[in-house]
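Down below is the structure, laid out as structure tokens.
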Amino acid sequence: MLRILLAACLALMPVTQVSAAADVTEFTLDNGLQAVVIEDHRAPVVVHMLWYRVGAADEPPGQSGIAHFLEHLMFKATETLESGEFSRIVEANGGSDNAFTSWDYTGYFQRVAADRLGLMMQMEADRMRNLRLAEDEVATERSVILEERAQRTDSSPGALFNEQMRAALYLNHPYGIPIVGWRHEMETLDREAALAFYHRYYAPDNAILIVAGDVTPDEVRTLAEQYYGPLSASGIAPRGRPTEPPHIAERRISYEDRRVSDPYVVRNYLAPERDPGDQRQAAALTLLANILGGSGATAVLPRTLQVDEERALYASASYSGTTLDDTVFSLFNVPVPGVSLEEAEADLDRVIADFLEEGIDSEQFDRIKFQWQAGMIYTQDDAGELARMYGAALTSGLTVEDVQDWPEIIASITQEDVMRAARQIFTETPSVTGYLTAPDL
């Protein structure tokens, strides 16, 4: 019922009135720690997040997986805490905690009662600089990440296929290396490599503190200065990464695996990311992905291939621009039995060609914008999601202002902007096309 009422209100609300967050404050400590406070006083709970501007794309050559490996090791002993004690204390205080690694960032978070925020900062600041690693625990955790790769990647034909697709798309950039790492390199990761990575990147001037929930900026600043303030800056240099050469050739991948039950075709294009102060092209691509393959059967690909022609079990498009460097725009088609992958690829080509010729349906365009607007408003109800939104953006090179401008930029995108972005992606950008199938299919 609440969502129905909200939808009715949205129908009367100009799109430009939607904001990314109403009460957001930012400040920087003397040691370079950037802090963002998102106030939400509806419940006496806070989400405390510490994001580091380092991820899998920043790893030394030959050490793929070290960023994710260190994420695991950060739950081991420090000068003041025993191994595993961090999470036990969070749980004993009625909270929950976890961590995550991507290509551009590594993050740690806790969700606790608001009056436990100082304790979370105390422990997080401790492990920022005082991690102690025992050889036996490093060996044990290396086995854990190898098993994680076995379960999530090696046992999944789709995951193995996706690895090959990314490696083919990125000719020179480390986005082509899997976050979990290549197995043969993961097996060589050791204590010295983990500590070297830790000492190089884990410092206040390479971190972003995000606190969302029942707090005020003054409260967060006082606690941050108390616990994070005494840590010295490392003087870390801005990130520098290899860049992609011009893509001048189409590439194709074919991967067979007897475990595949539903073969499918994917096409990936290298696409621009959201840039600070310049997000319009990314906004157009965001809407394009929703128009072509958004949720429901009204998007172009599923409506045509799944509903009208009944030639696909699933068809979609995807794009996420929140990355530091060039990202991926993807098309998917899982054909019904009896339709070959060659035919499924031709179906994608045909539908995209028709779209470029006919343009966007105006009613669909308005509906997509409305749905996106509603999604942004629903996000305001989840302090954790807001914190993640800001953290991912800031560690990807964007600013608080960019995050707050994003809804208005989306609202300002025209059909002509989207079609211009579509023509650039589909007619000017070489792609990687991949077939995932089983032998003899």
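Data table
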read-out: Dipole moment magnitude, nearest 20 debye, the chain about Cα centre, only Lys, Arg, Asp, Glu C-beta charged; value: 240 debye
read-out: Net lengthening on full extension, Asp190/Asn93 (0.36 nm per residue, minus Cα-Cα); value: 31.6 nm
read-out: Gap separating the Cα centres of region 100-135 and region 281-332, nearest whole Å; value: 36 Å
read-out: Centroid-to-centroid separation of region 40-99 and region 150-172 [C-alpha atoms, Å]; value: 26 Å
read-out: 18 Å reach of a label modelled at Ser318, 7 Å along Cα-to-Cβ, counting backbone N of region 325-349; value: 325-335
read-out: Length added when fully stretched, Asp361-Arg152, from 0.36 nm per residue minus Cα-Cα; value: 71.3 nm
read-out: Positive minus negative residues near Asp405 (Lys, Arg vs Asp, Glu; Cβ under 13 Å); value: -3
read-out: Label-to-label distance, nm, for residues given as Glu408 and Val336 (7 Å Cα→Cβ offset); value: 4.8 nm
read-out: Calculated FRET value between Asp23 and Arg423, using beta carbons and R₀ = 56 Å, to 0.05; value: 0.90
read-out: Rounded to 5, percent antiparallel among DSSP beta bridges of the chain; value: 80 percent
read-out: Amide H partners (placed H, <5 Å) of Thr429, local residues excluded; value: none
read-out: Paramagnetic reach from Asp354 in region 305-338 [backbone N under 13 Å; point 7 Å along Cα→Cβ]; value: 305-312
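Read-outs throughout are calculated quantities, based only on the coordinates presented, and are distinct from any laboratory measurement. Every value quoted in this text rests on a predicted model; they were computed, and no experiment measured them. Every residue, glycine as well, gets a Cβ built from its backbone with ideal geometry; the counts of neighbours run over all protein chains shown.
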